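These notes are about the structure you will find just below.
The values are calculated or read from the model by the stated rules, or taken from the named source; none is laboratory data. These numbers were taken from a predicted model, which means no experiment stands behind them. We place every Cβ from the backbone using ideal geometry, glycine too, and count neighbours over all the protein chains shown. Only protein heavy atoms, including side chains, enter the accessible area calculation; ligands, DNA and RNA are left aside. Shrake-Rupley method; radii C 1.70, N 1.55, O 1.52, S 1.80 Å.
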Amino acid sequence: MSQSSGPRKQPTEVGPPERDVSPAGAAQTAPPSASPSAGGASRCTPQGKANSCYIIVNPRQRGNPILSHVRNVPYEFGETAADYELGLTTAALFLSVQYHSLHPDYIHTRLKHLARLYELRILLVYVDVNEPHFAVKELTKICLLADCTMILAWSPEEAGRYLETYKAFENKPPDLIKERINDDYISRVTECLTTVRSINRTDALTLINTFKTMEGIFTASIEDLALCPGLGPQKAKRLHQLANEPFIKQRRQKPRKTQKKLDMK
C-alpha cells in the first residue's frame, strides 16, 4: 500500500468496557482484548507514529463482536473518522445488512463524513439476513458512486480476518500477494487453457500431451478434442468455439423491412 502525507490522529486512552449499540445490531460488552492486544505489541512504535502496528478503532465500535476475533493484530480505541483505521491511507467502515435495512441513511452520512481522507476506503458488510440480495445490490451502487471498495463477510470471524489481513499487509509489496506463474512452456500453456470455462489443469495437461502444441489444440476438430480423457463433448465444443471465434466480432446487420404496397384497386 502506498504512503501519503497527513497528520496521524492521536489515539485516546483505552477505558473500561462499555456498552454501545454498534451497526452489527446488538449491544455487547467489549471483549477483554479491547486494549492493545498481545502478540507483537512490544514491537510496535509509540502512538502517533506513521508506521504504528495498531488498528485504530472508533469508540462507537466498542461492543462489536468482530473485535473478539481480531487476535493476530493489536488494536486500540482512538479518534478516527472511520470505524477502523488500518493505516495512513486505508480505513474501513463496518455495516451489517440488518442495520442497513433499519437505517438506510446511515451509510450515506458516514461516507460523506469520511470524504477523501483515505486513498483506500473499505465498506465491510456483515451479511446477517437470509435474503441479502436487494440490500447488497443497493450497497454496491453506493460504493461505486462513492469510490469505495465493498467486502462481504458472512460471519464475525470472517470480518475480523479481513481487518487483520489489511493491517498485516499494510507495508507489504504487491508482489507478495501476486499470483506467481512459471516461465516454462507447460505452465504458460496451462494458464492460457484454464481461462476457458470448465477446462481445469488436468484437462490442459491432457491436451498438451495429446496435441503437443497450441496450434495442434486449436486446429483440432470437436471429435478429436472429445476423445481426450476427461474432456467430453461439452468441454470440446466450448474449446473449439473459442478457437474458431473471430478476433473482432462483426455487428449483425438488421434485415431491412420491406414496405408493402397497398393495392388501391
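Before moving on, here are some points about what is shown:
- Other-chain or far-sequence residues with amide H under 5 Å of TYR75's (modelled H): SER37, ILE55
- Using the Karplus relation 6.51 cos²θ - 1.76 cosθ + 1.60 with θ = phi - 60°, the per-residue 3J(HN,Hα) values for region 109-116 come to 5, 5, 5, 5, 5, 5, 6, 10 Hz, with x marking Gly and Pro.
- Within the accessible surface of region 58-113, defined with a 1.4 Å probe on protein heavy atoms only, the carbon and sulfur portion equals 49 percent.
- Checking the cross-link pairs LYS212/LYS235; LYS112/LYS137; LYS212/LYS237; LYS137/LYS237 against a 25 Å limit on the alpha carbon distance flags LYS137/LYS237 as lying beyond it.
- Think of each Lys and Arg Cβ as +1 and each Asp and Glu Cβ as -1; about the Cα centre, that makes the dipole of region 157-240 roughly 160 debye.
- Karplus-derived HN-Hα couplings along region 136-151 (A = 6.51, B = -1.76, C = 1.60, θ = phi - 60°), whole Hz, x at Gly and Pro: 5, 5, 5, 5, 4, 4, 4, 5, 5, 6, 8, 6, 10, 8, 9, 10
- Peptides 140-151, 52-63 ranked from most to least packed give 52-63, 140-151, packing being the mean of other C-beta atoms within 10 angstrom over each peptide's residues.
- For region 44-126, average projected area of the Cα convex hull in nm²: 5.6
- Annotation: amide H of GLY63 within the under-5 Å range of ALA30, sequence separation 5 or more or interchain, hydrogens built in the peptide plane.
- Carbon plus sulfur fraction of accessible area for region 186-228, probe 1.4 Å, in percent: 55
- Highest average packing first - 129-135, 93-99, 239-245, 67-73, Cβ atoms within 10 Å: 93-99, 67-73, 239-245, 129-135
- Annotation: amide H of LEU123 within the under-5 Å range of LEU93, THR149, MET150, ILE151, sequence separation 5 or more or interchain, hydrogens built in the peptide plane.
- The listed peptides 162-172, 194-204, ordered by packing as a protection proxy, come out as 162-172, 194-204 (highest mean of other Cβ atoms within 10 Å first).
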